[in-house]
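Visitor: Got a structure here, written out as structure tokens. Questions coming.
Please treat every number below as a calculation from the coordinates, not as lab data. A quick note: this is a predicted structure, and the numbers were derived from the prediction, not measured. All Cβ positions, glycine included, derive from the backbone under ideal geometry; neighbour counts span all protein chains shown.
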Amino acid sequence: MQIYEGTGLPVSVDWVESVARADCGSHVPIVLAGEAVPAGFPSPAEEYFEKTLDLNEHLVPRPEATFFVRVCGDSMIGAAIHHDDLLVVDRSRTPRSGDVIIACVDGEFTVKRLRKTATGLELAPENPEYPPVPLSEDTDFQVWGVVQHVIHKL
């Protein structure tokens, strides 16, 4: 647990463990089943397969502005972001209140939900064990991108 400088409040920092640029130069098509599967999987009979799916097209619409980060920590578990998940982040999106963002706060990277409150902006965790981080004019704060997708193992 760290103490947020200037407030004395404990905060969880979901550290960004690694950062990688999106490389959409290679395409690996994956077979896509032609119908939705509410529970279970359809018979692997050939007539169920409609087309192929390129995950680059689905997850990375703007490769020049997209990067991936791996997360450490548990402050975003309520947003289904767990330790060791991979986040797909778009730097071209303008962050809005309610978005999950990658931010640099006082020189440290974190993933949190951006919230506008009556008193200003804050970075809100999605775990009740951690308090929000208020942002002031004195806070060294920079948004690095808006999280678009979370990839994690089951």
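Visitor: Relative to the present Cα-Cα distance, how much length would full extension add between Asp84 and Glu129 at 0.36 nm per residue of separation?
Guide: Between Asp84 and Glu129, full extension yields an extra 14.3 nm.
Visitor: Then there's this: Just how large is the dipole of region 45-154 about the Cα centre, in debye to the nearest 20, putting +1 at every Lys and Arg Cβ and -1 at every Asp and Glu Cβ?
Guide: 260 debye
Visitor: Taking 0.36 nm per residue of sequence separation and subtracting the Cα-Cα distance, how much length would be gained by fully extending the chain between Lys116 and His58, in nm to one decimal?
Guide: Full extension from Lys116 to His58 adds 17.9 nm.
Visitor: At what distance in nm do the modelled label points of Asp106 and Ser136 sit from each other, each positioned 7 Å from its Cα along Cα→Cβ?
Guide: About 1.1 nm separates the two model spin labels.
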